[in-house]
1. Could you please find all residues in the stretch 1-46 being farther than 26 Å from VAL70 by Cβ, part of a loop (DSSP other than H, G, I, E, B) and touching a residue at least 24 places away in the same chain (Cβ under 8 Å)?
2. Which condition does MET301 not pass, out of (1) out of contact with any Pro (no Cβ under 8 Å at 6 or more places or on another chain); (2) in contact (Cβ under 8 Å) with a residue 24 or more places away in the chain; (3) part of a strand (DSSP E or B), if it passes all the others?
3. Looking for whichever is more than 30 Å from ASP318 (Cα to Cα), assigned by TED's automatic domain parsing to the domain that holds PRO77 and either in contact with a helix residue (DSSP H, G or I) (Cβ under 6 Å, 6 or more places away or on another chain) or surrounded by fewer than 22 Cβ atoms within 10 Å (Cβ to Cβ) (or both) here; the options are ALA39, ALA44, ALA33. Which one fits?
4. Exactly one condition in (1) outside any strand (DSSP E or B); (2) closer than 22 Å to ALA30 by Cβ is not met by HIS125; state its number.
5. Only one of (1) farther than 17 Å from THR6 by Cβ; (2) in contact (Cβ under 8 Å) with a residue 40 or more places away in the chain fails for LEU245. Which number is that?
6. Taking the stretch 216-262 as the region of interest, how many residues are in contact with a Phe, Trp or Tyr (Cβ under 8 Å, 6 or more places away or on another chain) and farther than 29 Å from LYS325 by Cβ?
7. Limited to the stretch 248-287, what total is found for residues that are surrounded by fewer than 23 Cβ atoms within 10 Å (Cβ to Cβ) and of a type outside the set (Asp, Glu)?
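The values are calculated or read from the model by the stated rules, or taken from the named source; none is laboratory data. Computed from a predicted structure; not experimentally measured. Ideal geometry is used to build each Cβ from the backbone, glycine not excepted, and the neighbour counts take in all protein chains shown.
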Amino acid sequence: MASLRTERKTDAAALVRNARRLIEKSKGKALIAVLKADAYGNGAVRCAKALEGTAAMIAVATASEAQALVRNKIKVPVLIIGTLTPQEQRLAARLDGVRLSVSSLSEAARLDAAAQDLGKKITVHIAVDSGMHRFGFAPDSKTIGLMSTFRDLRTEGIYTHYARADDAVFTARQCEVFSQVVNNLQARGLPLEFVHAANSAAVLLGNGVCGNAVRTGLALYGTSREHGMEPVASVTARVIAVRTLERGESTGYGCSFVAERRMRIAIVSAGYADGVPLSLSDRGLVLIGGMRCKIVGSVCMDVLTCDISAAGYVSEGDAAVIVGKDGREELTLSEQAFFAATSAYELSVNLARARR
């Protein structure tokens with residue numbers, strides 16, 4: 001059920017334009033679009049459908065995310081990146097058109113046994129730990145080469161994760177380790193249709209863009225306008241009351257904000273139940289009437305309060321933009337995340353609650 005108080009919208013056309021820009025920036029490499037966490041809160045099914053014909057593959061994090069895309073008849077192949085629980089593996093193995101990641105020979109053996117039980121081949125991508133030390137095979141070509149002994153696993157691709165894509169030196173070292181493994185495996189005759197390492201930051205900064213594909217998430221959604229990306233998400237609430245505070249009066253729980261002068265405030269229909277971080281209290285901004293209005297007092301569960309003294313005439317029902325544009329003004333996810341002392345990743349995912 002859609003919220004009548006706070007609304008999150010996704011600009012699918014901007015998403016596609018961002019995808020094409022990323023392909024261009026990576027010099028034509030295949031795009032694996034990361035739509036995990038419900039496309040960072042933007043709606044995975046809608047985003048996947050929009051990217052059909054542009055993305056070569058969709059990447060998600062869990063078996064249930066892959067299942068949702070399969071049920072909605074997404075035409076693009078789906079890759080589950082990361083390690084799954086045994087229960088998730090059993091579910092994922094049954095899904096047609098879904099690729100699974102393999103991080104060890106023991107995991108490969110379990111998947112091979114599952115494939116034999118199901119009477120089908122399972123397509124996999126090999127995960128290599130080139131320096132992030134989270135999951136994946138150690139960069140040992142001889143061990144990884146044993147993947148060819150599992151007759152019911154079809155190795156389609158290989159990938160790694162960059163730990164610090166904004167660090168050119170560290171990323172170059174990871175890229176070198178990964179590329180050496182890939183070269184050795186290809187020399188042994190292991191077929192690798194997709195070789196992917198570069199994430200959003202790597203593509204935008206030109207660091208470690210090796211292989212024939214890139215795997216991008218955050219940049220697709222344009223959390224800022226840097227590097228020519230377009231913001232995809234907007235979150236809009238409503239003014240539900242307008243009040244006047246006299247000097248010395250406070251507003252909100254804990255009386256954390258006390259007016260130093262006579263001022264007008266607006267009560268806005270969004271709070272931390274809608275994904276607006278509590279850390280935006282007395283720090284964040286809201287756009288009302290095309291003006292930047294500071295959040296004053298504590299963000300509450302269902303509402304927040306902002307200073308509208310300079311916003312001109314404001315009335316109940318007016319739009320209050322948490323993320324997005326209002327006239328010539330704009331608040332991006334990255335900017336609002338800075339005020340909240342968090343990342344654009346976390347804020348984007350949390351603001352998915354505005355879509356409920």
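1. SER3, ARG5, THR6, SER26, LYS27
2. Unmet for MET301, out of (1) out of contact with any Pro (no Cβ under 8 Å at 6 or more places or on another chain); (2) in contact (Cβ under 8 Å) with a residue 24 or more places away in the chain; (3) part of a strand (DSSP E or B): (3).
3. Every option except ALA33 fails the conditions.
4. (1)
5. Result: LEU245 fails condition (2) only.
6. Going through the stretch 216-262 one residue at a time, the tally reaches 1.
7. Here the count works out to 25.
Okay, residues lined up against (1) under 16 Å from the mean Cα position of the chain (by Cα); (2) polar (S, T, N, Q):
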site: VAL303; (1), (2): no, no
site: SER309; (1), (2): no, yes
site: GLY317; (1), (2): no, no
site: ILE322; (1), (2): no, no
site: PHE339; (1), (2): no, no
site: ALA344; (1), (2): yes, no
site: SER348; (1), (2): yes, yes
site: ARG353; (1), (2): yes, no
